[in-house]
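I'd like to ask some things about the structure below.
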Amino acid sequence: MTATNDRFLRALRREPVDATPVWLMRQAGRYLPEYRATRAKAGSFMGLATNPELACEVTLQPLERFDLDAAILFSDILTIPDAMGLGLTFAEGEGPRFARPVRTAADIARLAVPDMGAELRYVTDAVSLIRRELGGRVPLIGFSGSPWTLACYMVEGGGSDNFSKVKSLAFSEPALMHQLLEVVTDSVIAYLSAQRAAGAQALMVFDTWGGVLAPHHYREFSLRYLTRIAQEFARGDGAERTPLILFGKGNAPYLEELAASGAEGVGVDWLVSLDEARRRIGGKVALQGNLDPVTLYASPDAIRAEVKRTLESYGPHPGHVFNLGHGLSPDMNPEHVKVLVNAVHDFSRAR
Ligand code: CP3
């Protein structure tokens, strides 16, 4: 079934649109009081994410408030390592923690691709339920972390300031690091395929930490695996093809390579201008982004001015999916989010 509002999918295919589509990374989250209420009911973040009915409820919440052009599955990138047995918890105010991080050759040898029909069944059940509840209103995006970004959390055991553990593993034992990245890449491909089979209409890979690597290391430890994923999804499904978006913080130096990967779209942060990005990718892929999320703390007039500037920087559609350069934060004002979403449609329709 195609979505009634298919602006987002059309923009990814670089087809004409009546207005620029917009959705926002972390559009379902703590800045919405209704999200906080559902999360309280679930007891914990993982309690929420592993309950398909509640995950469906919070996926739809931002769509009730704002005129968004896509829904994104409510889940997390860390579901894969959790399903691999690392023991994920989210301590209040502290971010993710793994009880059993991956540190040694033996730890890596023990890892296997999780069974999508068992440990990760809650994710595909949520996708099917959300598709049903959306009733074709807007397309549904499924997602995964990138192999490098997942490996960062798996080796560090949580967030990190300097990524010393994962980088020293990569630099001193590259063969072991590649063994880890291979099993994670196989898992990402299986995970995205399962979400696609359950009804996800577009797929996105979050490479949040690729930008912390030097260029030669980025190409070896991140880009190589992003390309393998893009190639996998580029193969063979023709008109039925489910578009893939590769997002990366700090990926501006590699736009040409990302555009050649086989993905339909590249998501960029706010450190590159969309006119430069568009010129460099030479119309080969769609671009998603890239308003500085901190703009949402500014006045409504300032938000509208920055939205207008971002649209003008991309230039005439098609091929632009409006988004932030990174996710929304818990202390952002939902009224400002509404100003942003409406401004994207108003200004781009008038162009
Ligand atoms: O965008 C959406 O609305 C869909 C849901 C989504 C979440 N996480 C929900 C979530 C998505 C797409 C993610 C991706 C994710 N998770 C990334 C990549 C994108 C990015 O932000 O760079 C990363 C690095 C993670 C890992 C992660 N999950 C961290 C570091 C944290 C803690 C951060 C914090 O703000 O506390 C999470 C938890 C998390 N995932 C929350 C949400 C709404 C907040 C947890 C809560 O409700 O208590």
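Mean residue ellipticity at 222 nm from the helices of the chain, using -39,500 (n - 2.57) per DSSP H segment of n ≥ 4 over the full residue count, to the nearest 500 deg cm²/dmol?
Details: 15 runs with 158 residues, N = 351.
About -13500 deg cm²/dmol.
Separate question: What number do you get for the range 173-255 when its Cα radius of gyration is normalised by 2.2 N^0.38 Å, N = residues?
Details: Rg = 13.5 Å, N = 83, 2.2 N^0.38 = 11.8 Å.
Scaled against compact globular proteins, the figure is 1.14.
Taking the radius of gyration and the Kirkwood hydrodynamic radius from Cα positions alone, what is the Rg/Rh ratio for the range 293-351, to two decimal places?
Values: Rg = 11.2 Å, Rh = 11.8 Å.
Ratio of gyration radius to Kirkwood radius: 0.95.
Using the scaling law 2.2 N^0.38 Å as the reference, what is the normalised Cα Rg of the range 65-162?
On the way: Rg = 15.8 Å, N = 98, 2.2 N^0.38 = 12.6 Å.
Taking the Cα Rg and dividing by 2.2 N^0.38 Å, one obtains 1.26.
In addition: Non-local amide H neighbours of ASP207 (under 5 Å, H modeled in plane, Pro and chain starts lacking H): which ones?
It is SER146, PHE247, GLY248, LYS249, by chain and number.
Based on the alpha-carbon set only, what is the convex hull volume of the chain divided per residue, in Å³?
Numbers: hull volume 43.0 nm³, N = 351.
Per residue, the Cα convex hull of the chain comes to 123 Å³.
Rounded, prolate or oblate: pick one for the range 108-231, where a ≥ b ≥ c are the square roots of the eigenvalues of its C-alpha gyration tensor, a/c under 1.5 means rounded, and failing that, prolate if a/b is larger than b/c, else oblate. Don't skip to the answer; put the middle values down first.
Values: a/c = 2.35, a/b = 1.93, b/c = 1.22.
Prolate is the answer for the range 108-231, as a/c is 1.5 or above and a/b outweighs b/c.
Would you mind telling me which residue in PHE233, PHE171, PHE247 has the biggest mean-square fluctuation in a Gaussian network model of the chain, where springs connect alpha carbons within a distance under 10 angstrom?
PHE171
Relative contact order for the chain: what percent, with Cα pairs under 8 Å and sequence separation of 6 or more?
Working: 653 pairs, mean separation 79.6, N = 351.
Reported as a whole number, the value is 23 percent.
Just to be sure I understand: of the beta bridges DSSP finds with both ends in the range 6-348, what percent are antiparallel, rounded to 5?
15 percent
None of the figures in this text is laboratory data; all of them are computed from the coordinates on show. Just so you know, these numbers come straight off a predicted model, no measurement behind them.
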